[in-house]
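Notes to accompany the following structure.
Computed from the coordinates by the stated procedures, all read-outs in this text should not be read as laboratory data. Quantities reported herein were computed from a predicted structural model and do not represent experimental measurements. Note that we place each Cβ from the backbone using ideal geometry, even for glycine, and neighbour counts take in every protein chain shown.
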Amino acid sequence: MKRTLTILALGAGLWAGIAGTALAAAEVSLARFDCGTPQAPTPVNQRFSDTFAYGDLKLQFVFSCYLIKHGDDYMLWDTGHAMNAPNVAPKTSLVDYLKQINVTPDQIKYVGISHYHADHTGQIASFPKATLLIGAKEWEAISSPKPAQGVNFKPFESWIKSDSKVEALPLDKDVFEDGTVVVLRTPGHTPGHSSLLVKLAGMGTVVLSGDAVHFRENLDKVGVPAFNYDRAQTVASVERLKSIATNLKATIIIQHDARDIERLPVFPAFAK
């Protein structure tokens, strides 16, 4: 009888611990930054669809990156253009944005990078204390002795030299191990491209696309840009994102489409 009571007591204690953990789940919020200056609208038919799906459509591309607050921890998703990028440089740096809420670069725990292109990686050097989360094949390209054309490797010097910490991800990554922030493997645009899933208590699930798609019509018609690394992987990744959106009733935010990013409040406001 004593043994039974002891087991029951242990079980009750374990359940109480699990329930306590669930009750103490971290609050998650999400804000967007303008991380580059848009240029004039450009025709997208030839360059962004190898099946010429968009006719005379012209679009103005925007450049966005994001701050996720998970309890007391901060994570950046993409870092936009560099402040010295010709014509497209942001008007405000990420460091200066963060000052508005009294957050220093050293307080950023993670920087997630969707892929190695310059409009997504330009300001990462400002956050050397952060752990870099990046697709394994992206990291392989960045850290190569002779990076290929288009691989923006220079801002990653601290991580390449092992002065900063990097997690090269071969698969999805549950960042805070509670399902609220997940790096998704979505290759095709580049070899190790990633997207980001964020679960918000109020707004619901949000998926930040990186460059898996570039604008709404690109998502609807599964157009594959001529410059993408792999066509089949691109199509599979787009279908994955659309299935996730359906199954989780998620909102896909296409990071280069002004119509999409406006679904999220601009910093210093946060979606919750």
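Please label the shape of the stretch 26-261 as rounded, prolate or oblate, based on the square roots a ≥ b ≥ c of the eigenvalues of the alpha-carbon gyration tensor (a/c under 1.5 means rounded; beyond that, a/b larger than b/c means prolate, else oblate).
Verdict is rounded for the stretch 26-261.
Considering only Cα-Cα distances, which of the following residue pairs are longer than 28 Å: K173/K249; K146/K221; K58/K137; K199/K221; K99/K242? Please report the intermediate quantities before stating the final value.
Working: K173/K249 21 Å; K146/K221 36 Å; K58/K137 32 Å; K199/K221 26 Å; K99/K242 36 Å.
Listed pairs above 28 Å: K146/K221; K58/K137; K99/K242.
Helix-derived [θ] at 222 nm for the chain: sum -39500 (n - 2.57) over DSSP H runs of at least 4, divide by residue count, nearest 500?
Value at 222 nm, helices only: -7000 deg cm²/dmol.
Counting only DSSP beta bridges with both residues in the chain, what percent are antiparallel, rounded to the nearest 5?
Roughly 65 percent of the DSSP beta bridges within the chain come out antiparallel.
Test of understanding: ordering C35, C65 by Cβ neighbours within 10 Å, fewest first, what list do you get? Before the final figure, lay out the partial values.
Details: C35 28, C65 31.
So the ranking, lowest neighbour count to highest, is C35, C65.
If you place +1 on the Cβ of every Lys and Arg, -1 on the Cβ of every Asp and Glu, and leave all else neutral, what size is the dipole of the chain about its Cα centre, to the nearest 20 Debye?
Charge dipole, the chain, about its Cα centre: 400 debye, nearest 20.
Between T37 and I101, with labels modelled 7 Å along Cα→Cβ, what's the label distance in nm to one decimal, could you check?
Each label point is offset 7 Å from its Cα along the Cβ direction, giving 2.6 nm.
What is the stretch 163-240 by shape, rounded, prolate or oblate, if you read a ≥ b ≥ c off the alpha carbon gyration tensor as root eigenvalues and call it rounded for a/c under 1.5, prolate for a/b larger than b/c, and oblate otherwise? Numbers along the way, then the final one.
On the way: a/c = 2.51, a/b = 1.30, b/c = 1.92.
Oblate is the answer for the stretch 163-240, as a/c is 1.5 or above yet b/c matches or exceeds a/b.
C65's amide H: which non-local residues (gap 5+, or another chain) put their own amide H closer than 5 Å, with H modeled 1.01 Å from N in plane and none for Pro or chain starts?
Residues meeting the amide H criterion: F33, C35.
Suppose every Lys and Arg Cβ carries +1 and every Asp and Glu Cβ carries -1, with no other charges. What dipole size does the stretch 140-272 come out with about its Cα centre, to the nearest 20 debye?
160 debye
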